[in-house]
1. Only bridges whose two residues both fall in the chain count here: according to DSSP, what percent of them are antiparallel, nearest 5?
2. Please compute the net charge surrounding residue 353, taking Lys and Arg as +1 and Asp and Glu as -1 over other residues with Cβ under 14 Å from its Cβ.
3. If you split all Cα-Cα distances of the chain into 10 Å bins from zero, what percentages do you get per bin, shortest first?
4. When you count, for each residue, the other Cβ atoms within 10 Å and take the mean per peptide, how do 307-318, 169-180, 44-55 rank with the highest first?
5. Debye sum, Cα scatterers, segment 213-417, no solvent: what log₁₀ I/I(0) at q = 0.11 1/Å?
6. With angles folded into 0 to 90 degrees, how steeply does helix 403-417 sit against the dominant principal axis of the chain? Use alpha carbons for both and round to 10.
7. Within a 10 angstrom radius of the beta carbon, how do 140, 397, 42, 345 rank from fewest other beta carbons to most?
8. Give me, ordered by chain and number, the residues 5 or more places off residue 172 or on other chains with an amide H under 5 Å from its own placed amide H.
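Each value in this text was obtained by applying a stated rule to the coordinates, not by laboratory testing. Keep in mind that this is a model prediction, so the values were computed, not measured. Please note: Cβ atoms are built from the backbone with ideal geometry, for glycine as well, and neighbour counts cover all protein chains shown.
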Amino acid sequence: MLSTPAPDRRFQTKTSPEGKVDQTAELAGKHLLLGLTGGIACYKIAELTRLLTKAGATVQIAMTEAATQFITPVTMQALSGRPVYTSQWDARVPNNMPHIDLSREADAIVIAPASTDFIAKLAHGLCDDLLSTLCIARDCPLLVVPAMNRQMWQNAATQRNVATLRGDGVEVLGPDSGPQACGEIGDGRMLEPTATFEAICAFFQPKILRGRRVLITAGPTFEPLDPVRGITNRSSGKMGFSLARAAAQAGADVHLVAGPVALETPWGVYREDVQTAQQMYDAVMHASPDTDIFIAVAAVADWRVDHVSEHKIKKSADEKLPTFSFVENPDILAAVAKLPNPPYCVGFAAESGDLDLHGEEKRVRKNVPLLIGNLGPLTFGLDDNEVVLFEASGKTCLPRADKKLLARTLIGEIAKRAPRGGSILS
Ligand code: C5P
């Protein structure tokens, strides 16, 4: 008899959480069962729980006996705001079957930290405590975040077990490499809480850009006048970095060319730092042939001085002001759009007024199929933004939203429009 394939559970939310949840939060409505096993990395789960709940997720903690040696259920209860379960025989669950009840309400089970022993148990289907029984009784995806000594990680049995889990469709996040609690250095460290959080958020995103190569410019450029001074544009880089994050979460291979900004590289993104427009142009031109979608978000300086002073320009005694002569920087977006076989090109425009006029005019002038406009000075550095999409068929206004969520919407809009299987002539 043919069975219907199970729907992909990642993109559905099973239960709505109790209490008020900010529906714009990244993990709003998601219910996670977070299982702790024995390991010093348990301390990282306090921060991870905080990040998950702050992002709107309901976090139900279950701990093995060994985990309670490293962090107390009291701490985890306070941080998750829910009772913590450690025993299979917990009478607080009305039907006395916590291993069924707790997994049924979860959209995903995350085991963090996952010890060598627990990974072995999962791989072999053993269930001799609440957490392992919960995992085997689950009807939702399972994510495992290993944490162990490097020799334990490299051990052939562990590697076999991890391969078995992957083969069973379990998502293995990490491990990281670096100094370990035991003093040794190598693979096996648990991912940092922020990286684990990012990987969990990514897991829940539909992979609408899987297999696509996305090139993004972000931030300002800095054009030196002398060794200490220069001219730049106002740009925090937040929108470009958020787009890079959203594209990576959607499964794309992301190359981010960033001007000088103090932002963390999004999880899974390849970042190349540049200073000047010319450096940004060179980096983009080099990467363009391997690109399916180019998103130009950078606020590129239009001009640079034709001669950068080798030494700091001094104030002159006669109070004569220095003069500079400028040359135009290359227009990176227009140059990529002009390539014989261009990627799908998306431009951004920050205008101080008459967005409708300038947005469409700029789209046509740069010869790109899609231009995303905003009233720049009003949104500089803010965490939210309101944009308008300009394309040949007309304009579409999107409601004001947090830049991270807006980025997700924009990546959805871009994915819908960017043709698959080869580039287009805009
Ligand atoms: O002309 P304007 O700077 O307003 O155009 C904005 C769009 O063009 C943005 O997508 C920006 O990243 C891109 N641009 C560029 N190279 C330049 C100037 C702008 O790629 N030199």
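1. Working: 19 of 60 bridges.
Restricted to the chain, the bridges split so that about 30 percent are antiparallel.
2. Working: positive: 362; negative: 351, 354, 356, 361.
Combined, the nearby Lys, Arg, Asp and Glu give -3.
3. Whole-percent P(r) values from 0 Å outward: 4, 19, 25, 20, 17, 10, 3, 1, 0, 0.
4. In descending order of packing, they fall as 44-55, 169-180, 307-318.
5. The computed values of log10 I(q)/I(0) come out as -0.51.
6. 80 degrees
7. Details: 140 18, 397 11, 42 25, 345 29.
Going from sparsest to densest Cβ surroundings: 397, 140, 42, 345.
8. When sequence neighbours closer than 5 places are left aside, the close amide H contacts are 144.
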